[in-house]
Number of protein chains: 2
Amino acid sequence: MKKLLLFFTALSLCAGAYAQQALGISTNITSPQVNPDGSVTFRLRAPKAVKVTVTGDFLPSIPEGATDATTTVDMVEKENGVWEYTTVPLPGELYSYAFNVDGVRMLDPSNIFQNRDISTYTSIVIVSRNDSDPGHYYKVGKVAHGNVSKVWYNSPALGITRRMTVYTPAGYEDLGNKTKYPVLYVLHGAGGDENAWSELGRAAYIMDNLIAEGKAKPCIMVMTNGNPGQEAAPGEWANEQVDPMNRGGGRASFPESFPDVMKYVESHYRVLKGAANTAICGLSMGGGHTFQISNLNPGKFGYIGVFSAALSVPSVNPQPAAPRQQGAPAGGNRRARPNVYDGLNNNPEYAARIKAVFNAKPKLYYIAIGKTDFLYDSSAQYRQWLDANNFKYEYKETPGGHIWRNWRLYLTDFGQKVFK
Amino acid sequence: MKKLLLFFTALSLCAGAYAQQALGISTNITSPQVNPDGSVTFRLRAPKAVKVTVTGDFLPSIPEGATDATTTVDMVEKENGVWEYTTVPLPGELYSYAFNVDGVRMLDPSNIFQNRDISTYTSIVIVSRNDSDPGHYYKVGKVAHGNVSKVWYNSPALGITRRMTVYTPAGYEDLGNKTKYPVLYVLHGAGGDENAWSELGRAAYIMDNLIAEGKAKPCIMVMTNGNPGQEAAPGEWANEQVDPMNRGGGRASFPESFPDVMKYVESHYRVLKGAANTAICGLSMGGGHTFQISNLNPGKFGYIGVFSAALSVPSVNPQPAAPRQQGAPAGGNRRARPNVYDGLNNNPEYAARIKAVFNAKPKLYYIAIGKTDFLYDSSAQYRQWLDANNFKYEYKETPGGHIWRNWRLYLTDFGQKVFK
């Protein structure tokens, strides 16, 4: 066996030397290195560089209203042109980072783990300091794993076939298993697609770990593509236009087309039906979609999770939007967004839909948002309206803003509350 | 709808400004740009850089015996610190490339398409100049797509559960479809895993396109992990050690464990059984595995594809390997590899297995290799033995070496020949 290993190692080295497509060089350095105290050391070889920095969400949060999108720290040149930076001990979490070499952003060439968010890749590293911190749930556990499939379904409402990601829990495919499972629909935000929750969101790993620890019920998780003009994520359909922000125009809105998703899932998987076995949640645009889909289908979902949601109520008398202040970040002017409380009071027809949702007595209506999220006020206004109408919901408020760190936390939390 | 788009664009810009995880900046330049004549323009913004180069397999091949692993060309600084290089018109192909800024390798930040090969990412671009060139088959076609699943199966022979990639052709999941399909097993090389063929190999797109054009029969394609100590690709199992070259040691070899794969596939999918409906192919180490698996199971596979194979015949009287010349690339000394022709003549017991394979009259025994592949001689020696024994095979020889470009070509070719 040793001989064989040696042979294949030699073969691979040789392949590397000849192969035109193995363009990279081995970096021969370790980065990132998670240290026993939870600190992380980043390293990059750049002998000719004048200035190397690292930026990442392990750095202190950006104060509300600050204009700097990110903060950076200088790395220090050590031996052989290797630049280095070690963080303070970090809480268990999944962290994203990137280097900047003399003004040019780049990923960590020593780290094969990375994530795409909209059109930007970042290197990632998971820190876990104990068995209950978030990092623990985002890691691949030493547990049984569910299968993850990229599945095409027909959407007559949108006039196209479309791709979604379906997680089936470990054991689902076991021969002779006739068990039916509840379904959790999980929706992404603007710029995302059917890969967002499974990759950035670590959804399959979270669910594997929660199920293995008995904290979540085994369920089927369906991660859709919420852009009505898109068949699939960039690079997964024939459209050459790869701008992930181009949502395209469908015949219908995605929420209007949602019965097509459910019809496919309920006819192709062993699904427990009924509100007690059907949950939906989503982040940002997907939180807005969750709001709209549940409002369009009162009584259909027993568990509704509205994360950092872009909430909008159709205006009965459309008003021109308030002019945005010169120099203010786009969308960052909270006053420019229509007030959800007022909107619902002014649109009794739409408000009646929400009343129907609550009158159907969902087992859980869950609202979560970060304290510094730019959509905070909309969520607060919606809660104000729910309170005024005496509708019960569960509310989770976390530090930070409109970030994946929060959405992974919310899924980990919400996933433990559904189907119970 | 326009208003909604504007809203979500604004939301996204804002999210970018606040989100700690959207670390990147929009590059606002187009790269790569495939021009109408088939040339490609690469661009990178690096205002402070002194020297920027691009390397990629669009450049001339490396002469046999050259010590330079890759060639590079200088990019030229244009306006606003944007560096640029335009290739000559290129044949239709999938090309890999990377930039180098003052000695630091980086990917193209304007291009969201990239591939991982062993531990190295490269940016990719597909050129297609007509509907029959290789690039045409590697693109996502405007055709019906098969589903692609990451599936865990139990391997008693290896003592672990393991992950594989399963492609089911478009229509497989249609309600009421009771059709059974033939199965093509597709094996990766050293340093690869169950993601290699579906990502680097473009296997699902190739099969989608071939099936849609009536050039391949709809089939199930099973892409295994051939490293017996690995449960799955790096980052998809709990092992913290991410070295993709670490194949680990299993209880058995992967070829010995292959019946576990087939047992799972044949019990979980609608599979046509028998040699006429069972094909296997693989590249490099996977070509060696294909050779070994077919030899272990004569009569089981009607179609056998041995691509750029690492062939080895167990030695009856093990000899110490010839010492490697100082400074020679590891494994690059052709004389150091045992002669396959001699090996088979000296090991009648192993040769009898191959004879049993051919005596079972496979419909196709297909051998393919690049003219400058470092494994060329082994393949030639094997063909010499097959010729001496009057065994019929189909042989394809292409330019170039031990590269994915060849393996995609071979799968495109082999895929049109199986199950017919």
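Let me confirm something: among A:P255, A:P314, which residue is open to solvent by less than 10 Å² (accessible area, probe 1.4 Å) and without any contact (Cβ under 8 Å) to a residue 60 or more places away in the chain?
On the way: A:P314 fails: open to solvent by less than 10 Å² (accessible area, probe 1.4 Å).
Testing whether each residue is open to solvent by less than 10 Å² (accessible area, probe 1.4 Å) and without any contact (Cβ under 8 Å) to a residue 60 or more places away in the chain leaves just A:P255.
Give the number of residues within the stretch A:388-405 that are within 11 Å of chain B (Cβ to nearest Cβ) and assigned to a loop (DSSP other than H, G, I, E, B). Please lay out each step first, then the result.
Looking only at the stretch A:388-405, we keep the residues that are within 11 Å of chain B (Cβ to nearest Cβ), and these are A:400-405.
Now narrow it down to the ones that are assigned to a loop (DSSP other than H, G, I, E, B): A:400-403.
Residues flagged as within 11 Å of chain B (Cβ to nearest Cβ) and assigned to a loop (DSSP other than H, G, I, E, B) within the stretch A:388-405 amount to 4.
In contact with a Pro (Cβ under 6 Å, 6 or more places away or on another chain), at pLDDT 90 or above and within 14 Å of B:L411 (Cα to Cα): is that true of B:I211 in this structure?
On the way: in contact with a Pro (Cβ under 6 Å, 6 or more places away or on another chain): yes; at pLDDT 90 or above: yes; within 14 Å of B:L411 (Cα to Cα): yes.
Against the criterion (in contact with a Pro (Cβ under 6 Å, 6 or more places away or on another chain), at pLDDT 90 or above and within 14 Å of B:L411 (Cα to Cα)), B:I211 qualifies.
Pick from B:G229, B:G235: which is at positive phi and within 14 Å of chain A (Cβ to nearest Cβ)? Walk me through how you get there before you give the answer.
Numbers: B:G229 fails: at positive phi.
From the options B:G229, B:G235, the qualifying one is B:G235.
With the requirement that a residue be at pLDDT 95 or above and of a type in the set (V, I, T), what does the stretch B:295-344 give you?
Result: B:I304, B:V306, B:V340.
List the strands (runs of 3 or more DSSP E) that sit entirely inside the stretch A:93-138 and contain at least 3 residues that are touching a Gly at 6+ places or on another chain (Cβ under 8 Å). Explain how you work it out, then say what you get.
Numbers: elements: A:93-101, A:104-106, A:114-117, A:120-127.
The qualifying strands (runs of 3 or more DSSP E) are A:93-101, A:120-127.
So B:I118 ticks every box in (1) modelled with pLDDT of 95 or more; (2) within 20 Å of the chain's Cα centre (by Cα); (3) among the hydrophobic types (A, V, I, L, M, F, W, C) but one. Which box is left unticked?
Condition (1) is where B:I118 drops out.
Looking at the stretch A:140-188 only, could you name the residues that are open to solvent by less than 10 Å² (accessible area, probe 1.4 Å), at the interface with another protein chain (Cβ under 10 Å from one of its Cβ atoms) and not in a strand (DSSP E or B)?
A:G146
Somewhere in the stretch B:32-39, is a residue at pLDDT 95 or above, in contact with a Ser or Thr (Cβ under 7 Å, 6 or more places away or on another chain), surrounded by 22 or more Cβ atoms within 10 Å (Cβ to Cβ) and under 23 Å from A:Q114 (Cα atoms)?
yes
Any chance you could count how many residues in the stretch B:361-387 are away from every other protein chain (no Cβ under 14 Å), open to solvent by 10 Å² or more (accessible area, probe 1.4 Å) and part of a helix (DSSP H, G or I)?
Total meeting the criteria: 5.
Does B:I124 fit the bill of being more than 8 Å from chain A (Cβ to nearest Cβ) and under 16 Å from the mean Cα position of the chain (by Cα)? Even if it seems obvious, please write down each step before you answer.
Working: more than 8 Å from chain A (Cβ to nearest Cβ): yes; under 16 Å from the mean Cα position of the chain (by Cα): yes.
Yes, satisfied.
Taking the stretch B:83-121 as the search range and keeping residues that are among the β-branched types (V, I, T) and away from chain A (no Cβ under 12 Å), which one is surrounded by the fewest Cβ atoms within 10 Å (Cβ to Cβ)? Outline the logic, then answer.
Going through the stretch B:83-121, the residues among the β-branched types (V, I, T) turn out to be B:86-88, B:101, B:104, B:112, B:118, B:120.
Those still in the list that are away from chain A (no Cβ under 12 Å) too: B:86-88.
Details: B:T86: 15, B:T87: 22, B:V88: 9.
Among residues in the stretch B:83-121 that are among the β-branched types (V, I, T) and away from chain A (no Cβ under 12 Å), the one surrounded by the fewest Cβ atoms within 10 Å (Cβ to Cβ) is B:V88.
Could you tell me whether the stretch A:111-120 includes any residue that is in contact with a helix residue (DSSP H, G or I) (Cβ under 9 Å, 6 or more places away or on another chain) and among the hydrophobic types (A, V, I, L, M, F, W, C)?
Yes, the stretch A:111-120 contains a residue that is in contact with a helix residue (DSSP H, G or I) (Cβ under 9 Å, 6 or more places away or on another chain) and among the hydrophobic types (A, V, I, L, M, F, W, C).
Within the bounds of the stretch A:51-68, is there any residue that is modelled with pLDDT of 95 or more, assigned to a loop (DSSP other than H, G, I, E, B) and buried (at least 19 other Cβ atoms within 10 Å of the Cβ)?
no
Given the conditions (1) at pLDDT below 95; (2) touching a Leu at 6+ places or on another chain (Cβ under 7 Å), which single one is not true for B:V88?
(2)
Somewhere in the stretch B:388-396, is a residue of a type outside the set (V, I, T) and surrounded by 18 or more Cβ atoms within 10 Å (Cβ to Cβ)? Full working, then the answer.
Applying the first criterion (of a type outside the set (V, I, T)) to the stretch B:388-396 yields B:388-396.
Filter once more, so that each one left must be surrounded by 18 or more Cβ atoms within 10 Å (Cβ to Cβ): none.
There is no residue in the stretch B:388-396 that is of a type outside the set (V, I, T) and surrounded by 18 or more Cβ atoms within 10 Å (Cβ to Cβ).
Is at least one residue of the stretch A:111-134 charged (D, E, K, R), without any contact (Cβ under 8 Å) to a residue 60 or more places away in the chain and closer than 30 Å to A:I29 by Cα?
Residues of the stretch A:111-134 that are charged (D, E, K, R), as a first pass: A:116-117, A:129, A:131, A:133.
When the remaining residues are screened for being without any contact (Cβ under 8 Å) to a residue 60 or more places away in the chain, the result is A:131, A:133.
Next, from what is left, pick out any that are closer than 30 Å to A:I29 by Cα: A:131, A:133.
Checked against the condition, which is being charged (D, E, K, R), without any contact (Cβ under 8 Å) to a residue 60 or more places away in the chain and closer than 30 Å to A:I29 by Cα, the stretch A:111-134 yields at least one hit.
The values are calculated or read from the model by the stated rules, or taken from the named source; none is laboratory data. All values reported here derive from a predicted model rather than from experimental measurement. Counting neighbours? That spans all protein chains shown, and the Cβs are built from the backbone with ideal geometry, glycine included. Surface areas here come from the heavy atoms of the whole protein model, side chains and all, with no ligands, DNA or RNA. Shrake-Rupley method; radii C 1.70, N 1.55, O 1.52, S 1.80 Å.
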